[in-house]
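Heads up, the thing below is written out as structure tokens.
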Amino acid sequence: MEQLLRSLIDSDIFVYTVMAALPLLWILPYALFAVWLERKVSAHMQDRLGPMRVGGWHGWAQTIADILKLIQKEDIVPAAADKRLHFLAPFIVFVGSYAAYAAIPFSSAFIGSGINIGLFYIIAVSALVTVGILMAGWSSNNKWSLFGAMRSAAQIVSYEIPSTLALLTVVMLAGTLNLQEINRLQAGGLTNWFIFRKFPFVAIAFVISFVASLAETNRTPFDIPEAESELVAGYHTEYSGMKFALFFLAEYANMFAVSAISATLFLGGWRSPLKKLMSGPVWGAFWFISKGMFFVFVQMWLRWTLPRLRVDQLMYVSWKVLTPWAFACIFGVGLWMVL
Amino acid sequence: MLKYFTDIFRSVWSVLIGMKVTFRHLFTPAVTIQYPDVKLKLPERARNRLYVNMDDCIGCFQCDMACPVDCFKIETVKGLPTEDLGMTSTGQKKRLWVPVFDIDIAKCCYCGLCVYPCPTECIKMTDVYEFSETNRHHLIYNYATMTPAEAAEVRRRAAEHEKEQAAKKAAAATAVKKTPPGSPPVPPAPGSSAPPAPGAPTPPTEPPRA
Amino acid sequence: MIETQTAPIKTSTGRVLRPEEMVLNMGPQHPSTHGVLRLELVVDGEIVVDVIPHIGYLHRCFEKHAEHMTNYQQVIPYCDRMDYLASMNMDWAYALAVEKLLGLQVPDRVEYIRVIMAELQRIASHLIALGTYGLDVGAFTPFLFCFRDREGILDLFENTCGARLLYNYIWVGGLSHDLPSGFIDKARAFCRYFRPNIKELNDLLTYNEIFIKRTANVGVLPAEAAIAYGCSGPMLRGSGVDWDLRRDDPYSIYKKFQWQPQIGRGEMGTTGDCWDRYMVRVREMEQSLDIIEQALGGIPPGDVQSAVPRRIRPNAGDVYVRSESPRGEIGFYVISDGSATPYRVKARSPAFVNLSVCPEICKGYMIADVVAIVGSIDIVLGEVDR
């Protein structure tokens, strides 16, 4: 991709701007689609229909209508809120989710930045979301938002650890942090995917990483920060209009980012499950997006099935269940590799 | 220690069972309908907006007395004996004009208590439930079929009749005073010989004869 | 410049806060307070130190209205609106009170139909309680399943009396309408349809480990405290006290049916925790289905309006009659002065008394638990405030 762009205009600014904008070109239509999909999935699981009118067929244009509505809304900032922080918070949350896309390989031909510390970079940068959430909760000058923000900070920081540890098992097997490299190493069809190697350790690590990623994205059963029935809307209670839309966009972008990382590391990324059949740069993008969307669907499925955990139970799960098991997986994989 | 492992196992297992339930429901047909394109037909006993058939209303105030929230405003005017107000469909002769029959449908609590006591069954609850208004005052329903001119005319005639009756009564009273005691009783004033018919407005009664 | 707070901060009851405490208002508008209830929480971090409930936002002067009605039947629409989720039970309790004042005996057909309606209403009310409880703890789907099932019951009611929520069906001395044709078949069909759905609800919510973690050992109400506070209904039975007015202070024809009051046994945690109260409600729905099926099989023929008096003018006197509503003991204390208007109608609301336990059982738990506890008390503000 980089070569292609350089052949058009040989300017760093042009090339890197376009490459940075390309994931945005994916995120925006994806978010529109994902919000609609969430509403439809939740509706059908609850024996009802969901959006049906806007746009004709099953209300596919519902999200577009919602975005148009949100753009027109009055931007209400509470009188006693900290205005600068209140303004910056949604942008920081979005930046945190968006920056992770830089190192995710969409296909063999496209990766935003093929740095050698890809995974490390992703984990580091997606922690920016915590800062944004804390800013949102604090600056709203609302005790309920503050609660949401505090819980969220504790939650995201705690779940970084089992998430990282679980991902480390794959890094141990692959020997590199470069996501494109990790993807290349999973050639040869279904059985060569990392999740099936050194069974069951990497499989358990996959489950741990998936559960931790649910907590990273504040989805049920870990949606305490925005617990609808307790805190009205948690840290984004006092936001209206486009800023609220930005929080939503960031949440869905984050959902796809973590799904993509799981897919890349454990399930072959843009590799086809059928060895050489249906593979190639464009097919790669298709496989990658399908796998990502499948995990997004599973996240939605879980949201509409499970109640939410209380904050201390959340902490318990992180520190006393996920982290020890992640350590056990690392130990198991390491031992297996050595013997 | 064992509890730790059983807890984890039970959690994973119950989560999977829950996921199975919701996944199955993903493929069951929806139970909702696309209102307002599709509307359910309400059962025949449905209690929604009130309807009053004024042709049958005899102005008995039973519905007003039965209403727990006082949402009726009814005004009746006595019909003169010479006027023919017609019959109800149940065969009763009407004797009262009803120029004002208002129901504040916003106050109405849709209990249906007004329907039972009506002797002619002219007040009914229909199945109409889509009658929202933007102006609250439009929710005061005027059921009376008389025009303001007719109502004024009827009131005027009734008031005149009242005055006539009061004058006759005064004349009869003075006539009684003029008759010396012990003489044969004066025949009662015309227009009041027959005993009052049931349901009819009672004419002014004579004071008892000595 | 850092300003220091010189005056002590107090709650609305005058309690002075310590520096680490904070007042959090779970205000009248809140997604989980089941109506307009204000809970003033004094919290230390996430731990609740004190709870001060403020009620009265839905006070609509039911008792005052009752004194101004022209006859006893007119009070019934007002009784409907007290506990609007269990109108049949409200109406029935009041009708029982006035019938006792009059010394009136209703025909058997009326008794059977009243039992069927009350038990259907119990199922409907419990479905809302369970569905909204799931919503409070974060499970969105059971709520819609419960409402979908409740529609079946509301259809039955609409076919019978014309209304879906506020029925004005049980009158003093009888009923407003007789059963429509086909009611018995439809009711049986509903019972057949609903029983497997209880199992589905159990799969999805009741035995879900996360739900158990949220509700077991939370809000434990010991049996002595429950009795001391005057709790009743599932609140009392969840604490292990075997007391159900339908069996222990029987009214109507409940003695003719085979059923068991359900009590909490601390299966998942401690006896008297939120899970127990929840489970009591689920099992009570099954028992109600049993009663309904038994009653449907034996409705005698008759006239439902034969005992409805034309004029209700009881002798002067007073009476207190109680019955088992889905929330507990609903009692009506009716004083008659010999005229056609009641002199005084006092309603003893079960939710009001159950809610008074709230400060006692919320202390020491977290904010998320307060939501779970208040949900398990199952209050309806219309009844609490009357």
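Looking at region B:47-75, I want the residues that are on the phi > 0 side of the Ramachandran plot and within 12 Å of chain C (Cβ to nearest Cβ) and have a partner that is basic (K, R) and assigned to a loop (DSSP other than H, G, I, E, B) with Cβ atoms under 9 Å, at least 6 apart or on another chain. Which pairs are those?
B:D70/B:K107
How many of the residues making up region C:23-70 are open to solvent by 50 Å² or more (accessible area, probe 1.4 Å) and within 12 Å of another protein chain (Cβ to nearest Cβ)?
8
Right, C:L179: open to solvent by 40 Å² or more (accessible area, probe 1.4 Å), of a type outside the set (D, E) and part of a loop (DSSP other than H, G, I, E, B) or not? Please lay out each step first, then the result.
Values: open to solvent by 40 Å² or more (accessible area, probe 1.4 Å): no; of a type outside the set (D, E): yes; part of a loop (DSSP other than H, G, I, E, B): yes.
No.
Hey, among A:V296, A:V282, which residue is over 13 Å from the mean Cα position of the chain (by Cα) and either part of a helix (DSSP H, G or I) or free of Cβ contacts under 8 Å to residues at least 60 places away in the same chain (or both)? Explain how you work it out, then say what you get.
Values: A:V296 fails: over 13 Å from the mean Cα position of the chain (by Cα).
Testing whether each residue is over 13 Å from the mean Cα position of the chain (by Cα) and either part of a helix (DSSP H, G or I) or free of Cβ contacts under 8 Å to residues at least 60 places away in the same chain (or both) leaves just A:V282.
Would you check if A:A100 is part of a helix (DSSP H, G or I), farther than 19 Å from A:F256 by Cβ and open to solvent by less than 40 Å² (accessible area, probe 1.4 Å)?
Values: part of a helix (DSSP H, G or I): yes; farther than 19 Å from A:F256 by Cβ: no; open to solvent by less than 40 Å² (accessible area, probe 1.4 Å): yes.
Against the criterion (part of a helix (DSSP H, G or I), farther than 19 Å from A:F256 by Cβ and open to solvent by less than 40 Å² (accessible area, probe 1.4 Å)), A:A100 does not qualify.
Suppose we filter A:W270, A:W336, A:W283, A:W325 for residues that are aromatic (F, W, Y) and under 17 Å from B:S11 (Cβ atoms); which single one remains?
Working: A:W270 fails: under 17 Å from B:S11 (Cβ atoms); A:W336 fails: under 17 Å from B:S11 (Cβ atoms); A:W283 fails: under 17 Å from B:S11 (Cβ atoms).
When all the criteria are applied, what remains is A:W325.
Within region A:212-226, can you find the residues that are open to solvent by less than 10 Å² (accessible area, probe 1.4 Å), within 11 Å of chain C (Cβ to nearest Cβ) and not in a loop (DSSP other than H, G, I, E, B)?
Matches in region A:212-226: A:I224 only.
Do the conditions hold for C:V353, that is, is it assigned to a helix (DSSP H, G or I), open to solvent by 10 Å² or more (accessible area, probe 1.4 Å) and either modelled with pLDDT of 90 or more or in contact with a His (Cβ under 7 Å, 6 or more places away or on another chain) (or both)? First the steps, then the outcome.
Details: assigned to a helix (DSSP H, G or I): yes; open to solvent by 10 Å² or more (accessible area, probe 1.4 Å): yes; either modelled with pLDDT of 90 or more or in contact with a His (Cβ under 7 Å, 6 or more places away or on another chain) (or both): yes.
When the stated conditions are applied, C:V353 passes them.
Only one of (1) modelled with pLDDT of 85 or more; (2) farther than 30 Å from A:K320 by Cβ; (3) among the polar types (S, T, N, Q); (4) open to solvent by less than 20 Å² (accessible area, probe 1.4 Å) fails for A:T176. Which number is that?
So the condition that A:T176 fails would be (4).
Taking interchain pairs and intrachain pairs at least six residues apart, which have beta carbon atoms under 9 angstrom, with the first residue in region B:30-46 and free of Cβ contacts under 8 Å to residues at least 40 places away in the same chain and the second open to solvent by 100 Å² or more (accessible area, probe 1.4 Å)?
Close Cβ pairs (under 9 Å, with a partner that is open to solvent by 100 Å² or more (accessible area, probe 1.4 Å)) amount to B:I33/B:K39; B:I33/B:L40; B:Q34/A:R53.
What are the pairs with Cβ atoms under 6 angstrom where one residue, in region C:209-233, is of a type in the set (D, E) and the other, located anywhere, is surrounded by fewer than 22 Cβ atoms within 10 Å (Cβ to Cβ)? Sequence gap at least six, or different chains.
C:E209/B:R10; C:E209/B:S11; C:E209/B:S14
Do we find that C:S181 is more than 30 Å from C:A368 (Cβ to Cβ) and away from chain A (no Cβ under 14 Å) in this structure?
yes
Out of all the residues in region C:236-249, is one or more over 25 Å from C:T132 (Cα atoms), in contact (Cβ under 8 Å) with a residue 24 or more places away in the chain and assigned to a helix (DSSP H, G or I)?
yes
Among the residues of region B:98-108, is there at least one that is surrounded by 16 or more Cβ atoms within 10 Å (Cβ to Cβ), of a type outside the set (S, T, N, Q) and within 14 Å of chain C (Cβ to nearest Cβ)?
Among the residues of region B:98-108, at least one is surrounded by 16 or more Cβ atoms within 10 Å (Cβ to Cβ), of a type outside the set (S, T, N, Q) and within 14 Å of chain C (Cβ to nearest Cβ), which makes the answer yes.
Check whether at least one residue in region C:195-203 is at pLDDT below 90, open to solvent by 40 Å² or more (accessible area, probe 1.4 Å) and at the interface with another protein chain (Cβ under 10 Å from one of its Cβ atoms), and report yes or no.
yes
Which is facing another protein chain (nearest Cβ under 10 Å) and either touching a helix residue (DSSP H, G or I) at 6+ places or on another chain (Cβ under 9 Å) or open to solvent by 70 Å² or more (accessible area, probe 1.4 Å) (or both), of B:P36, B:P29? Write out each step before concluding.
Working: B:P36 fails: facing another protein chain (nearest Cβ under 10 Å).
Sole residue among the options that is facing another protein chain (nearest Cβ under 10 Å) and either touching a helix residue (DSSP H, G or I) at 6+ places or on another chain (Cβ under 9 Å) or open to solvent by 70 Å² or more (accessible area, probe 1.4 Å) (or both): B:P29.
Considering only region C:204-223, how many residues are over 26 Å from C:E293 (Cα atoms), in a helix (DSSP H, G or I) and either more than 12 Å from chain B (Cβ to nearest Cβ) or not aliphatic (A, V, I, L, M) (or both)?
Looking only at that region, the number is 6.
Considering region A:290-311 alone, what residues qualify as being more than 7 Å from every other protein chain (Cβ to nearest Cβ) and charged (D, E, K, R)?
A:K291, A:R303
Out of B:V38, B:V69, I need the residue that is in a loop (DSSP other than H, G, I, E, B) and more than 20 Å from the chain's Cα centre (by Cα). Which one?
B:V38
Out of (1) at pLDDT 85 or above; (2) surrounded by fewer than 16 Cβ atoms within 10 Å (Cβ to Cβ); (3) assigned to a helix (DSSP H, G or I); (4) basic (K, R), what's the single condition that is false for A:R39?
Status for A:R39: all satisfied but (2).
Restricting to region C:71-87, what's the tally of residues that are within 11 Å of chain B (Cβ to nearest Cβ) and of a type outside the set (S, T, Y)?
Here the count works out to 9.
Of all residues in region B:1-26 being open to solvent by 40 Å² or more (accessible area, probe 1.4 Å) and within 60 Å of the chain's Cα centre (by Cα), which is nearest to the other protein chains (Cβ to nearest Cβ)?
B:I17
For the structure I just gave you, tell me whether A:L70 is within 30 Å of C:L41 (Cα to Cα), away from chain C (no Cβ under 14 Å) and either open to solvent by 20 Å² or more (accessible area, probe 1.4 Å) or not hydroxyl-bearing (S, T, Y) (or both). Full working, then the answer.
Values: within 30 Å of C:L41 (Cα to Cα): no; away from chain C (no Cβ under 14 Å): yes; either open to solvent by 20 Å² or more (accessible area, probe 1.4 Å) or not hydroxyl-bearing (S, T, Y) (or both): yes.
It is false that A:L70 is within 30 Å of C:L41 (Cα to Cα), away from chain C (no Cβ under 14 Å) and either open to solvent by 20 Å² or more (accessible area, probe 1.4 Å) or not hydroxyl-bearing (S, T, Y) (or both).
Would region A:10-22 turn up any residue that is aromatic (F, W, Y) and over 29 Å from B:F27 (Cα atoms)?
yes
Using the structure shown, decide if C:D273 is more than 30 Å from C:V98 (Cα to Cα), open to solvent by less than 10 Å² (accessible area, probe 1.4 Å) and acidic (D, E). Outline the logic, then answer.
Numbers: more than 30 Å from C:V98 (Cα to Cα): yes; open to solvent by less than 10 Å² (accessible area, probe 1.4 Å): yes; acidic (D, E): yes.
It is true that C:D273 is more than 30 Å from C:V98 (Cα to Cα), open to solvent by less than 10 Å² (accessible area, probe 1.4 Å) and acidic (D, E).
Every residue, every condition in (1) closer than 30 Å to C:S339 by Cβ; (2) touching a Ser or Thr at 6+ places or on another chain (Cβ under 9 Å), yes or no:
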{"residue": "C:S12", "(1), (2)": "no, no"}
{"residue": "C:P31", "(1), (2)": "no, yes"}
{"residue": "C:V36", "(1), (2)": "no, no"}
{"residue": "C:L39", "(1), (2)": "no, yes"}
{"residue": "C:D44", "(1), (2)": "no, no"}
{"residue": "C:V49", "(1), (2)": "no, no"}
{"residue": "C:G56", "(1), (2)": "no, no"}
{"residue": "C:D80", "(1), (2)": "yes, yes"}
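Identify all residues within region C:130-178 that are within 14 Å of chain A (Cβ to nearest Cβ) and of a type in the set (G, A, S); write none if there are none. Talk me through it step by step, then tell me what you get.
Start the filter on region C:130-178 by keeping residues that are within 14 Å of chain A (Cβ to nearest Cβ), which leaves C:130-152.
If the condition is that a residue be within 14 Å of chain A (Cβ to nearest Cβ) and of a type in the set (G, A, S), then C:G131, C:G134, C:G138, C:A139, C:G152 are the ones that fit.
Is there a residue in region C:359-367 that is modelled with pLDDT under 90, assigned to a strand (DSSP E or B) and within 27 Å of the chain's Cα centre (by Cα)?
Yes: one or more hits.
Just to be sure, is C:A226 within 21 Å of the chain's Cα centre (by Cα), aliphatic (A, V, I, L, M) and either open to solvent by less than 10 Å² (accessible area, probe 1.4 Å) or at the interface with another protein chain (Cβ under 9 Å from one of its Cβ atoms) (or both)? Let's see the steps before the verdict.
On the way: within 21 Å of the chain's Cα centre (by Cα): yes; aliphatic (A, V, I, L, M): yes; either open to solvent by less than 10 Å² (accessible area, probe 1.4 Å) or at the interface with another protein chain (Cβ under 9 Å from one of its Cβ atoms) (or both): yes.
Spelling it out, C:A226 is indeed within 21 Å of the chain's Cα centre (by Cα), aliphatic (A, V, I, L, M) and either open to solvent by less than 10 Å² (accessible area, probe 1.4 Å) or at the interface with another protein chain (Cβ under 9 Å from one of its Cβ atoms) (or both).
The values are calculated or read from the model by the stated rules, or taken from the named source; none is laboratory data. Model, not experiment: these values are computed from the prediction. Counting neighbours? That spans all protein chains shown, and the Cβs are built from the backbone with ideal geometry, glycine included. Ligands, DNA and RNA are stripped out before the accessible areas are found, and what is left, the full protein with its side chains, is counted by its heavy atoms. Shrake-Rupley method; radii C 1.70, N 1.55, O 1.52, S 1.80 Å.
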